[in-house]
Structure formats: C-alpha cells, structure tokens
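The values are calculated or read from the model by the stated rules, or taken from the named source; none is laboratory data. Please read these numbers as outputs of a predicted model, since none were measured by experiment. Here the Cβ positions follow ideal geometry from the backbone for every residue, glycine too, while neighbour counts run over all protein chains shown. Quick note on the areas: whole protein, heavy atoms, side chains included, nothing else; ligands and nucleic acids left out. Shrake-Rupley method; radii C 1.70, N 1.55, O 1.52, S 1.80 Å.
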Amino acid sequence: MIEFLSEDSVTVFQDPTKNWEITRRTTQIRKDPLTGIRTRILDYPVHMPPPPDMTEMAEQTAQTCPFCRPRVMEVTPKYLPEVSPEGRFTRGESVLFPNIFPYDENSAVAVFSNQHYVRMSELTADYLMDGFLTAGDYARALSRAYPGTKRYFSLNWNYMPVAGASIIHPHYQIVAGHEPTNYHDTLLQASAQFYKTHQVSYWPSLVAVEKEKAERYLGRRGKVDWLIAYAPRGLIEVVGVAEDAAQVEELVPERWRDLAEGLQTVFGYFAEKGFPGFNLTLFSGMEEDREHYRLQVRVVPRTLLSALGTNEVNYFKMLHEECLTMIRPEEAAAELKKAFA
C-alpha cells in the first residue's frame, strides 16, 4: 500500500584525486511514497563551515527593529474590528498583526517575544507557546469573521538570513487564502486520492509503517508523531504529524505544546550539528479533509556550503523542482531519535 521506491544511478570515471583510479559514485533517486516527488541523495562529502556569529549584526539591527517593543505596537498595521476589536492578537509578549506586504487575502506576521536575537538552542517549547497559541487565535477569528469561506492555512517560519529571513527577530508568517500553494495543494490532493484508493488515511498508515521499519521514525511527543521524510525536500526534512487534528482550528493548547516540545528537540539537534537556520511550515487541512488528512509541521535545516556564502539551493530546486541532499535520511534519523528517546 505504501511503497518506498528508489533507483540507483552509477557514474564511473577516472579519479584525479586517486591517481586516476577508476571510481564509481552512486546517486540514489527516491520518490516520495505519497506525492511521487523525487529527491536525489548524492555521494558527496559534507563539510559545512562554522555557522556565522550573528551577535554583532543583532546588536546593530536591534536599534531599528520594527518587531521590538515599543515599536511593534507603533509601526505595524491593525486588523479591521470584525477580525480583532483590539487591532492585533497578543498573548504574553507575542504579537500578531497584518502583513503590510501581503502574500494573500489573509496574510499575517507574528513575533514570538520581545527578545530580538534568539539562538537556535534557545528556541524552547516555553518560548514557542505564546506565538503558536496566537496563531490559533487568529485562525478561529477568521472563521468567526468570515464563516463558510475556504482558507488554506499555513504557518511559515524562516529562521535567520540563511533561510530567507530579512529580520533577525524571530517571527513567522501566516498565509490563509482561498487558493493553496503548490505543495499544500499536492499534499491535500494526494492524501484524498490515497484515501479514495485504499479507504484509509495515508498519515496514520505512514506512521505505523515507519514505526515498524524503525529506520526513520523518531518518536512521539504527546499526540504528535515525528519522523524523517524518506525523500526529503531539503538536506533533512523532519515531519511532525498530529494524531487527532486535520485543521489548525482543532489544535487545543495541549496539542500546540506537543508540537512545540517536538520542535524543541529538533532545533536542539540542528544547533548541535551546526546548522545556522531552518525553514518551517505547518500545513493545515480544512473541514472537508478530516477523513484523509492530518495536520503536520515540516522543517528543513538550512546551511552554507562554503565560505563564499553558497547555500544548498541551486538550479535543481529552483528550476527542476527537485531536491538534492548529501545526508541519508536514515543516518540523520539514527542520530535524532536518540534525542527523542
């Protein structure tokens, strides 16, 4: 029912680093079991430079940061009263407000706290919780303000400039429009097709298979199962699947805590390995997806491959829509599952 397909492509050449000895290198091409999206696993040594020290830049940018208080309450937009009578959503130090340069009809930005520079190892569950709960508040407010409207809700986070962040102050963005992004649509459509074909949801089936194989399954935090994707869409792709929720409006505080605790473990591993950033997305379904879909968070680390500032994204990802990695998912899982134990 769930197949983990791969094909090995072998290159043979005379190697100048080995006195022209005939050498074979294998590229493994994997297909995601649900979507069929390909990933290439390269036989290529990984030598990442040390992560950049952001301390000086953080000190300089803190002076004008629009996400630090009191500026965040002075320069950011406000919602219309039907969405938020107060104009913004707040919990503790977290603040959520309209994106002044929106990506869709419902486009938000939220800061987790007033702390301008937060190292990856400091991204604890307690740190994340107010920001996550604010996202839930916003999702429910949209449902109340605009009942019956289709919304493809995703929470998205670029951590640090290497991952696309233009501001160091940790913040995430929400996109919730009536049209899904390409991959969001692929996830939902493929999940629906799997259910139509097999009469069971793909996601609990995947968790059960990965648990049994014990190659990429990491562990469980509350009612969220964590695993590493068979065909990752980055160097490593960690996936957290909620057992009992399809859409973000269903997430009770306990489930947000489960997600936050799992992410704390993942971020700790990324920090230990020297990754300077990550991209994260929480993909929500809708009411109509309840039978075949499970809400999930996906996170990939970002890095630099050389002192020139070269990152790991190139023409393969940008123009061929295929990912490359030099890290075997099973090897990463063997390390990360120790932290989940």
Every pair of residues 6+ apart whose Cβ atoms lie under 8 Å, when the first sits in segment 291-318 and is assigned to a helix (DSSP H, G or I) while the second is not hydroxyl-bearing (Ser, Thr, Tyr): 316/40; 316/322; 316/323; 316/324; 317/323; 317/324
Is there any pair with a first residue in segment 192-215 that is touching a residue at least 40 places away in the same chain (Cβ under 8 Å) and a second that is open to solvent by 60 Å² or more (accessible area, probe 1.4 Å) and assigned to a helix (DSSP H, G or I) whose Cβ atoms are under 8 Å apart and which are 6 or more apart or on different chains, and what are they? 205/198
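Residue-wise test of (1) modelled with pLDDT of 95 or more; (2) surrounded by 17 or more Cβ atoms within 10 Å (Cβ to Cβ); (3) β-branched (Val, Ile, Thr).
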| position | (1), (2), (3) |
| --- | --- |
| 21 | yes, no, no |
| 26 | yes, no, yes |
| 43 | no, no, no |
| 53 | no, no, no |
| 116 | yes, yes, no |
Yes or no: residue 96 in a strand (DSSP E or B) and under 24 Å from residue 139 (Cα atoms)? yes
How many residues are closer than 24 Å to residue 311 by Cα and either part of a helix (DSSP H, G or I) or open to solvent by less than 10 Å² (accessible area, probe 1.4 Å) (or both) when one looks only at segment 139-158? 2
Here are some residues: 7, 86. Which one is under 30 Å from residue 260 (Cβ atoms) and open to solvent by 60 Å² or more (accessible area, probe 1.4 Å)? 86
Got a number for residues in segment 161-200 being of a type in the set (Ser, Thr, Tyr) and over 15 Å from the mean Cα position of the chain (by Cα)? 5
Among 249, 254, 237, 215, which is out of contact with any helix residue (DSSP H, G or I) (no Cβ under 9 Å at 6 or more places or on another chain) and of a type in the set (Asp, Glu)? 254
How about segment 315-341: which of its residues are aromatic (Phe, Trp, Tyr) and farther than 14 Å from residue 270 by Cα? 315, 316
Under the condition of being part of a loop (DSSP other than H, G, I, E, B) and of a type in the set (Val, Ile, Thr), which residue from segment 105-126 is farthest from residue 55 (Cα to Cα)? 124
